[in-house]
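Notes for the one structure printed next.
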Amino acid sequence: MVSLSLLSLSATLSRLHFVPKLSLPPALGSVRRPARCHPRPARLSSSSSSSWRPPPPSGPNSGSSVSRGGRASAAGDDLVVLGIETSCDDTAAAVVRGDGKILSQVVSSQADLLVLYGGVAPKMAEAAHAEAIDPVVAKALSEANLTARDLSAVAVTIGPGLSLCLRVGVRKARSIAGLFSKPIVGVHHMEAHALVARLVQQDLQFPFLALLISGGHNLLILAQSLGQYVQLGTTIDDAIGEAYDKTAKWLGLDMRRSGGPAIEQLALEGDAESVKFSTPMKQHKDCNFSYAGLKTQVRLAIESRKINAQIPISSATTQDRSDRADIAASFQRVAVLHLEERCERAIDWAMEMEPSLKYLVVSGGVASNKYVRSRLDQVVKRKSLELVCPPASLCTDNGVMIAWTGIEHFRMGRFDPPPLADEPDDAMYDLRPRWPLGEEHVKGRSEARSLRTARMHPSLTSIIQESLQKQS
């Protein structure tokens, strides 16, 4: 896989008339061999590419119009896209039609590994993906009553995420696309979390505000149009999902369903006001997040009550269980209060830029938490907005969101031609493990976070903007 910023390859493809002029530079146009294999420039062989022609997209390249807030022409409703997701600890695939109908959805969980290693172990996760990817994809196609030949395109997560895990999905996607001569769409994982809301709620138009919350991400973005995002805030250290997982682990909870559901369930038994945790970053009047300090407060509270995480909650005494429930409830109250305060400010900032704003989308694994949804619903009601949350099965990592995002970009002509069918097994892909979604809002910049920008790829938004400027 090559960089999204390889504009030279885009120009080459346009000269050869293999694909229409792209609105987004190629995401997965080539691979490179390790140095020991004497690398050569990636190219398309005439035998595999000269006869290929992409299905006509319903984006600007086909003459159809798309309003800033609306959807592409219904001419793309007969598209059928396979989506593949392997960015972290779930192997997922799904087949989605252009009209939004989900034809299949398959997820292979690594819950047992999470319990065994107390979190995601990249090498073990990679091995689990490698074992699961073929049967997961085969089942997704089978349940959709389709073969790979019936697909319009293949979409796959290329970042952000764990490089070892991303590689498994990209390799599989390129194998299918190369073997059956299908175009391929590289997808930004966080954009997919935001855009799946447009599959669920068909009248959801741009602009909208999105809060994306998961084990690895806390992100507040203003989605102005497809591929155009303003980052209002993000975490300067840990994400809320990480805080949930660590708290659950320290409390000796069952991690097979991950820490979020375990904390949410135990919190129902506790007093949310019993432990006086401090709300993070009260003195910072921005939209950024921090959960490292709250984690420290929780750990100290657990130690002061002499709670032994080696004793599972199922074996705890009545008093011990009560103490754990109080900590769980108090932690959840403050963790979510931090979200509420940041969202209220983000709505104000977003309304200054987009007065027509009507929706707050909340997505990502933590968005399946009912307490989170209920609290944020109160926030949007105070601001006269509407809350949009995908169903729980589409909040956690899944192939549907990848397929749907692939459909949205495919309609706009943003895709790559089929890769070579005979790529080497040891091919090295240019993955994007650290890949911002949007450009930072001037008020949302954080000195603490700026120290961690090394080896970070340009944002998806900046890449698209650069490509559009070169075309104009």
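The values are calculated or read from the model by the stated rules, or taken from the named source; none is laboratory data. These numbers were taken from a predicted model, which means no experiment stands behind them. Note that each Cβ is placed from the backbone with ideal geometry, even for glycine, and that neighbours are counted across all protein chains shown. Remember, those area values only see protein heavy atoms, side chains included, never the ligands or the DNA or RNA. Shrake-Rupley method; radii C 1.70, N 1.55, O 1.52, S 1.80 Å.
List of remarks:
- Inter-residue pairs, beta-carbon under 7 Å, first under 12 Å from GLU341 (Cβ atoms) and in the stretch 264-292, second part of a helix (DSSP H, G or I) and aromatic (Phe, Trp, Tyr), 6+ apart: CYS287/TRP349
- Just one of the listed residues (VAL137, VAL187) is under 30 Å from ALA223 (Cβ atoms), without any contact (Cβ under 8 Å) to a residue 60 or more places away in the chain and crowded, with 24+ Cβ neighbours inside 10 Å, namely VAL137.
- Restricting attention to the stretch 408-447 and to residues that are small (Gly, Ala, Ser) and in a loop (DSSP other than H, G, I, E, B), the residue that is nearest to the chain's Cα centre (by Cα) turns out to be GLY438.
- Test: residue in the stretch 344-361 that is at pLDDT below 95 and either at positive phi or in contact with a Cys (Cβ under 8 Å, 6 or more places away or on another chain) (or both): no
- Residue check, ALA173 assigned to a helix (DSSP H, G or I), farther than 30 Å from TRP250 by Cα and modelled with pLDDT of 95 or more: yes
- When ARG97 is tested against the conditions (1) under 18 Å from VAL400 (Cα atoms); (2) open to solvent by 60 Å² or more (accessible area, probe 1.4 Å); (3) in contact with a Phe, Trp or Tyr (Cβ under 6 Å, 6 or more places away or on another chain), the lone failure is (3).
- Screening the stretch 432-466 for residues that are within 21 Å of ASP286 (Cβ to Cβ) and touching a helix residue (DSSP H, G or I) at 6+ places or on another chain (Cβ under 7 Å) and picking the one that is modelled with the lowest pLDDT gives LYS443.
- Taking the criterion of being under 23 Å from ILE463 (Cα atoms) and assigned to a helix (DSSP H, G or I), the residues of the stretch 135-170 that qualify are SER163, LEU166, ARG167, GLY169, VAL170.
- Among the candidates LEU360, LEU376, residue that is touching a helix residue (DSSP H, G or I) at 6+ places or on another chain (Cβ under 8 Å), surrounded by 21 or more Cβ atoms within 10 Å (Cβ to Cβ) and assigned to a helix (DSSP H, G or I): LEU376
- Among the residues of the stretch 264-290, the one identified as surrounded by 15 or more Cβ atoms within 10 Å (Cβ to Cβ), acidic (Asp, Glu) and under 20 Å from SER374 (Cβ atoms) is GLU264.
- Among the numbered conditions (1) over 28 Å from THR396 (Cβ atoms); (2) buried (at least 22 other Cβ atoms within 10 Å of the Cβ), the only one that ALA346 does not meet is (1).
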